[in-house]
Amino acid sequence: MGTDLRTSLRKAPAGDITRAGRNGGYCSVTSAPSGSLGVARRYAKDSIVFVEGDSASAVYIVRSGRAKISNCSAEGRVTVVEVVAPAGMIGICGVIGGGEYETTAETIEDSILDVVPAGVFMTALSQDPELGLRVARQMASAYRDLHQRFCSVEASDHVLVKLAKLFLGWSYAKVPNAEFNGHPLSFECEFTHQQIAEMIGSARETVTRTLRTMRESGLLTLKDSSLTIHKPGRLRIIAGQTQGCR
């Protein structure tokens, strides 16, 4: 990431109330729950938590809200590699590796994050097997998701196929016991077309055009913050998934 971009995104020093985020969001210190490893902070939507290349000084545990994890190529193209929900941890790899953050973290809605200093986190990790297992599971899940996305890119999947795989993945997580028997599936989706494009490595205009095609063909409808898959079976065929395999 270029120096100018990093400087413009860098979060402000910690304080009782600190300005953060390129849209002028604020983060403020609040009380941490009993047993918490760190200090809880409130972050407004679109606030920058840390920037790619920053020294990995803390792990952030999402208590409420969500944050997107992204990286920026030398050409300035931003790719979202993960969206972290409540109970998820941010900045683990940088802290465990003892170096710099390899990604940028930004809240996508008003959030509360527990800020755990690197030393405190590493000490707890060495003493708490349950925490170690939780970290391992999150890293394994992130690796699996990235591997699937990498395979999709390597296979030069059409944007339609990438979107089908992305939306089906969301449906499995949000409607875990859903039956793909032709009945529509509906769930919340608060991501913008730009954010969806960043998740699949495409352009916003291409995603908007493809979503319009999917809507006109009766596959799905994405309106406001709701996504309805009208033909889940057809979407699975587009994604190359069989009826017996997710």
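Can you pull out the residues in region 96-114 that are closer than 20 Å to Met139 by Cβ and crowded, with 17+ Cβ neighbours inside 10 Å?
Tyr101, Thr103, Thr104, Ala105, Leu113, Asp114
Could you please find all residues in region 210-226 being touching a helix residue (DSSP H, G or I) at 6+ places or on another chain (Cβ under 7 Å) and either modelled with pLDDT under 90 or within 11 Å of Pro184 (Cβ to Cβ) (or both)?
Within region 210-226, Leu219, Leu220, Thr221 meet the criteria.
Here is a yes/no grid of residues against (1) farther than 22 Å from Lys45 by Cα; (2) out of contact with any helix residue (DSSP H, G or I) (no Cβ under 9 Å at 6 or more places or on another chain):
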{"position": "Met89", "(1), (2)": "no, no"}
{"position": "Glu100", "(1), (2)": "yes, no"}
{"position": "Ala105", "(1), (2)": "no, yes"}
{"position": "Asp114", "(1), (2)": "no, yes"}
{"position": "Thr123", "(1), (2)": "yes, yes"}
{"position": "Leu131", "(1), (2)": "yes, no"}
{"position": "Val135", "(1), (2)": "yes, no"}
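Determine whether region 26-41 contains at least one residue that is modelled with pLDDT of 90 or more and buried (at least 19 other Cβ atoms within 10 Å of the Cβ).
Yes; the residues of region 26-41 include at least one that is modelled with pLDDT of 90 or more and buried (at least 19 other Cβ atoms within 10 Å of the Cβ).
Can you work out which of the residues in region 193-208 that are at pLDDT 90 or above and either hydroxyl-bearing (Ser, Thr, Tyr) or within 15 Å of Ala164 (Cα to Cα) (or both) is surrounded by the most Cβ atoms within 10 Å (Cβ to Cβ)?
Ala197
The values are calculated or read from the model by the stated rules, or taken from the named source; none is laboratory data. Here the structure is a predicted model, which means the values were calculated and not measured. All Cβ positions, glycine included, derive from the backbone under ideal geometry; neighbour counts span all protein chains shown.
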